Amino acid sequence: MKLYNAILDKTLSAFAGLTPARYPFDPRAAWPLTEASELVMLRDAAFELGARGSVNYTCVTTDDAYAPEDAVEVYGPELPEIRQDGTFARIAVISVDDPGGDEDAYNAVRKLEFVRYHVFPQGYMVRVSSESNQEQVRVAKSALKSGITFARVGAAYIQKYRELPGVRHVRLIFATDPPALKELIANARQVDAITKTLTHILDGLPTDCGHCTLKPVCDEVEGMRELHMGRKNK
């Protein structure tokens, strides 16, 4: 699956010249999770990330070069070093076994995207908007005292992703005050466009490319046209 590879290239280019703190995945360090989203009141919060701008998206690929191993990367200060609210980005790069046909590819992407709605780190209140690709995080003072870090939260996310079949590696990127937030937001919109195009293909969208509103996506995304025409020939 190479549908998202061009976006991955743009994503990594957005961080070019920056050196992240990198943490190989250690399941023993994973931050504890709760059963449901924990309410962190403003009076109990140390800071909030993303209220001034944020982005979240997931890119799935069969190319291990984008995610050669399970790891967390942090651009900017770690959670204990943050002193004020700021912008925020969280991007999941997931390498998977080849899912096969278009329907299997779509199902694999959707299952991996849904993980973000089912991870509830203790003292780390997450508000995710599927429509705007925003993710806001409110961190409790008590969690900071207990040693919460992006590395540990990221390990908890990786554990959840690894529960799904076919996942080979997860590269989880956190960025505070990312320098290219507008570009990352544009990438998130394109991820949505690709996934929506997959949906239309599965719904039997006509393959008259000259009259198709999704033609720009098929033209730009490697492998999308092959999926579309292959569906026609079934």
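Quick look at the numbers
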quantity	calculated
Residues of the range 49-72 satisfying the condition of being in contact with a Phe, Trp or Tyr (Cβ under 7 Å, 6 or more places away or on another chain) and either touching a residue at least 60 places away in the same chain (Cβ under 8 Å) or closer than 17 Å to Phe150 by Cβ (or both)	Leu49, Gly50, Ser54, Cys59, Thr61, Asp70, Ala71, Val72
Subset of the range 162-176 that is within 20 Å of Ala21 (Cβ to Cβ) and surrounded by fewer than 22 Cβ atoms within 10 Å (Cβ to Cβ) - its residue that is modelled with the highest pLDDT	His169
Residue identified as farther than 17 Å from Phe174 by Cβ and either basic (Lys, Arg) or touching a Pro at 6+ places or on another chain (Cβ under 7 Å) (or both) among Ala71, Ala65, Ala108	Ala108
Selection count where residues are farther than 20 Å from Val128 by Cβ and out of contact with any strand residue (DSSP E or B) (no Cβ under 6 Å at 6 or more places or on another chain), scope the range 38-61	1
Pairs, first farther than 20 Å from Pro77 by Cβ and in contact (Cβ under 8 Å) with a residue 40 or more places away in the chain in the range 147-164, second assigned to a loop (DSSP other than H, G, I, E, B) and not hydroxyl-bearing (Ser, Thr, Tyr), C-beta under 8 Å, six or more apart	Ile158/Phe25; Ile158/Ala30; Ile158/Asp70; Gln159/Ala30; Lys160/Val119; Arg162/Asp70
Which numbered condition Arg52 fails, given (1) touching an Asp or Glu at 6+ places or on another chain (Cβ under 8 Å); (2) surrounded by 17 or more Cβ atoms within 10 Å (Cβ to Cβ)	(2)
Residue count for the range 6-48, restricted to those that are in contact (Cβ under 8 Å) with a residue 40 or more places away in the chain and either assigned to a loop (DSSP other than H, G, I, E, B) or in contact with a Gly (Cβ under 6 Å, 6 or more places away or on another chain) (or both)	15
Residues of the range 147-161 satisfying the condition of being polar (S, T, N, Q) and surrounded by fewer than 20 Cβ atoms within 10 Å (Cβ to Cβ)	Gln159
Boolean, Glu48 is over 30 Å from Pro99 (Cα atoms) and at pLDDT 95 or above	yes
Any hit, the range 94-101, residues being in a helix (DSSP H, G or I) and either touching a residue at least 40 places away in the same chain (Cβ under 8 Å) or in contact with a Gly (Cβ under 8 Å, 6 or more places away or on another chain) (or both)	no
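The values are calculated or read from the model by the stated rules, or taken from the named source; none is laboratory data. Remember, predicted model here, so these are calculated numbers, not experimental data. Cβ sites come from the backbone with ideal geometry, for glycine too, and all protein chains shown count toward neighbours.
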